[in-house]
Amino acid sequence: MTNEEKIIMEHLGKHNPFQVPEGYFESFADQLMEKLPEQQPAQEEKRPALLRRLRPVLLAAACVCIAIFSITLYFLQNRQETTEQAVVAAAAKPAATEEETFMDEAADYVMLDNADIYACLSE
């Protein structure tokens, strides 16, 4: 203890100057409840979460995306198969002889169709 505390203890002693009225703590809870205002329990209107409200829209958007993706893949695959078939068909086609090539070029030059060529050859 410090010197100041000793002086205070000698002057006042160990006597407690504060007193609690009799029966204060026994009736404290009842008195406090009487002072509180009556409140109705608050009934909050709970709104569904944002994700739950947007679920139908998100599902529809996902279905549209899947459909577009599937259609795109189908057409790309179909185009690739068509290109492969054209390459195979061109490779399987026999090479034209020099005479056939000359006749084709001549027919293109004079712009004769098959009927005109047959008419010229039969005369």
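The values are calculated or read from the model by the stated rules, or taken from the named source; none is laboratory data. Here the structure is a predicted model, which is why all the values come from computation and not from measurement. Heads up, the Cβs are rebuilt from the backbone with ideal geometry, glycines too, and the neighbour counts pull from every protein chain shown. With ligands, DNA and RNA removed, areas are computed over all heavy atoms of the protein, side chains included. Shrake-Rupley method; radii C 1.70, N 1.55, O 1.52, S 1.80 Å.
So the values come out like this:
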| item | result |
| --- | --- |
| Test: residue in segment 88-109 that is open to solvent by less than 90 Å² (accessible area, probe 1.4 Å), out of contact with any Leu (no Cβ under 6 Å at 6 or more places or on another chain) and either modelled with pLDDT of 85 or more or not in a helix (DSSP H, G or I) (or both) | yes |
| Yes/no for Glu5 being out of contact with any helix residue (DSSP H, G or I) (no Cβ under 7 Å at 6 or more places or on another chain) and modelled with pLDDT of 85 or more | yes |
| Residue check for Glu22: exposed (fewer than 10 other Cβ atoms within 10 Å of the Cβ), outside any loop (DSSP other than H, G, I, E, B) and more than 57 Å from the chain's Cα centre (by Cα) | no |
| Hits in segment 25-57 (condition: among the aliphatic types (A, V, I, L, M), within 50 Å of the chain's Cα centre (by Cα) and surrounded by fewer than 10 Cβ atoms within 10 Å (Cβ to Cβ)) | Ala42, Ala49, Leu50, Leu51, Val57 |
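Every residue, every condition in (1) open to solvent by less than 90 Å² (accessible area, probe 1.4 Å); (2) touching a helix residue (DSSP H, G or I) at 6+ places or on another chain (Cβ under 7 Å); (3) of a type outside the set (Ser, Thr, Tyr); (4) at pLDDT below 80, yes or no:
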| position | (1), (2), (3), (4) |
| --- | --- |
| Glu10 | no, no, yes, no |
| Ala61 | yes, no, yes, no |
| Ile68 | no, no, yes, no |
| Ile71 | no, no, yes, no |
| Asn78 | yes, no, yes, yes |
